[in-house]
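Each reported figure results from applying straightforward, stated rules to the coordinates on display, with no laboratory input. Here the structure is a predicted model, which means the values were calculated and not measured. Heads up, the Cβs are rebuilt from the backbone with ideal geometry, glycines too, and the neighbour counts pull from every protein chain shown.
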Amino acid sequence: MTSTKKCSVIIPVFNEKEGIEEFIQSIYKQTRHPDEIIIIDGWSTDGTYEYLKTQETKWHLKVYKHLSNIAEARNVAIAKASHDIILCTDAGCKVDSHRCESLMHIYETTDEVVVGGKSELLGNNSFQKKAKHRFVSPDPNFHFVSSRNISFYKNVRKEVGGYPEYLTKRGEDTYFNYKIEQAEYKIFFCPQAIVQRNMGKTYYEFYKMYRNYTQGDAEVYMIHKVLQSGTCKQGILSTLIFLMLLWS
């Protein structure tokens, strides 16, 4: 029996031209194709938007330009989505060929409302391979679900108030997850749904990425007095990694 459930993939982008073609291919070439792909470009200056517009017909994309931060871009994309199930991801990643199929299987066979997948690291140069080898959580039961690999019914976003557009740092997805949990939704973990993300090519790029995450967590704490679920573990783990990379 064929399911009538359909999904929209939403993607915020900004200055991603270098790797955007490979990323779009990984979105499109899955065992189950998304029913809709919506991309919100935050006024890229490197030609990302112009390139994506040339690919709209080929890859069946819906590409929009909207001056926004990443939280607002996600909210705008969700509002434009035609289907009830939202699959989030980010540019700069590579989506596993079974991701959409794995997530939709959960929605078609269970009553789950929010489903997250597994994040892995991509490593190409020697630094990335070294960092990837050492970036392993000491807690095998700890699964932080980023918005590069989360999905939910569209009404969940409305009920929890959407992504926090007022935040000036990163961490909008962590706080969105917190609001989901406060609304008493469980985030079901699906390890078969995999998204691999690119990491910094150098120590400094890697440091900046996690500095931004930590600053985002701190901003949420200052505004809401909420210590986000991954904050302490992320801070301790990333600090240890930086020290190991420096001393290796």
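The protection proxy used here, the mean number of other Cβ atoms lying within 10 Å of each residue, ranks peptides 184-192, 77-85, 113-121 as follows, highest first: 113-121, 77-85, 184-192. For the listed peptides 59-65, 171-177, a ranking on the average number of other beta carbons within 10 Å per residue, highest first, reads 171-177, 59-65. Modelled spin labels at PHE189 and MET222, positioned 7 Å past Cα toward Cβ, are 3.2 nm from each other.
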